[in-house]
Amino acid sequence: MTISYDSVEVGTELPAGVYRVRRADLVRYAGASGDFNPIHWSERTARAVGLPNVIAHGMYTMALAGRTVTDWAGDPGAVREFGVRFTKPVPVPDDETGTDVVVTGRVAQKLDDRQVRVDLVAMCAGEKVLGQAKAVVTLP
């Protein structure tokens, strides 16, 4: 089903995105982004600076939230604005299971020019990990 401006109302919910994050994902993201900060791969370093464990890159977590929006809109180019605040880390255990980041969203406002504002919530282990997560999307 194609989402259109006329088919959504304030309160329309986006399908939830559930993203499994494992240590191997952090290694791949570090290579792609060039962010090799040891808090993303060394438990010893992460714990030494007061973190509960190795944590996912904030921009990786943000990208997962963005993926929820682009999957819903059907076109990454439809996203006109996107922003978040990083409020809590996403600890990633050293096992085969990893952790889940669950992203939900809803249309918060219909704007001019066939645009909608989507408010997002990203949760990990019962904690909200992104604050003020919002996207403006142009819909056909």
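Values in this text are rule-based calculations from the coordinates and carry no lab data. Only a predicted model underlies this, so the values are computations on that prediction, with no experimental measurement involved. Here the Cβ is made from the backbone with ideal geometry for all residues, glycine too, and neighbour counts use every protein chain on show.
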Point to revise | Residue (of Pro76, His57, Pro140) at the positive-pole extreme of the chain, dipole from beta-carbon charges | key: His57
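Once you have a ≥ b ≥ c as the square roots of the Cα gyration tensor eigenvalues for region 40-108, tell me rounded if a/c is under 1.5, and otherwise prolate or oblate according to whether a/b is larger than b/c. The partial results should precede the final answer.
Details: a/c = 2.90, a/b = 2.24, b/c = 1.29.
Prolate is the answer for region 40-108, as a/c is 1.5 or above and a/b outweighs b/c.
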Exercise for review: Calculate how steeply helix 58-73 sits against the longest principal axis of the alpha-carbon atoms of the chain, using the helix alpha-carbon long axis, and give the answer as 0 to 90 degrees to the nearest 10.
Suggested key: 30 degrees
Check your understanding: Can you sort Ser33, Ser4 so the residue with the fewest Cβ neighbours within 10 Å comes first?
Key -> Ser4, Ser33
Study note, to complete from the structure: Expected sort for Val107, Val129 with the fewest Cβ neighbours (10 Å cutoff) up front is Val107, Val129
**Study point:** Zone residues, region 76-113, relative to Thr45, backbone N less than 19 Å from point 7 Å out along Cα-to-Cβ
**Key:** 89-95
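Per 0.36 nm of contour for each residue apart, how much would the distance between Asn53 and Phe86 grow if the chain were fully extended, relative to their Cα-Cα spacing?
Between Asn53 and Phe86, full extension yields 10.2 nm more.
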Practice item. Enumerate by residue number the trypsin sites (Lys or Arg not before Pro) in region 73-128 meeting two conditions: DSSP loop (anything except H, G, I, E, B), and at most 14 other Cβ atoms within 10 Å of the site's Cβ. Key: Arg114
Study note, to complete from the structure: For Ser7, the net charge from surrounding residues (Cβ-Cβ under 14 Å; K, R +1; D, E -1) works out to -1
Check your understanding: About the Cα centre of the chain, what is the dipole size in debye to 20, counting +1 per Lys and Arg Cβ and -1 per Asp and Glu Cβ, all else neutral?
Key -> 340 debye
Review point. Once the Cα gyration tensor of region 73-140 is diagonalised, what are the square roots of 5 times its eigenvalues, in whole Å and ordered largest first, as equivalent ellipsoid semi-axes?
Key: 28, 13, 9
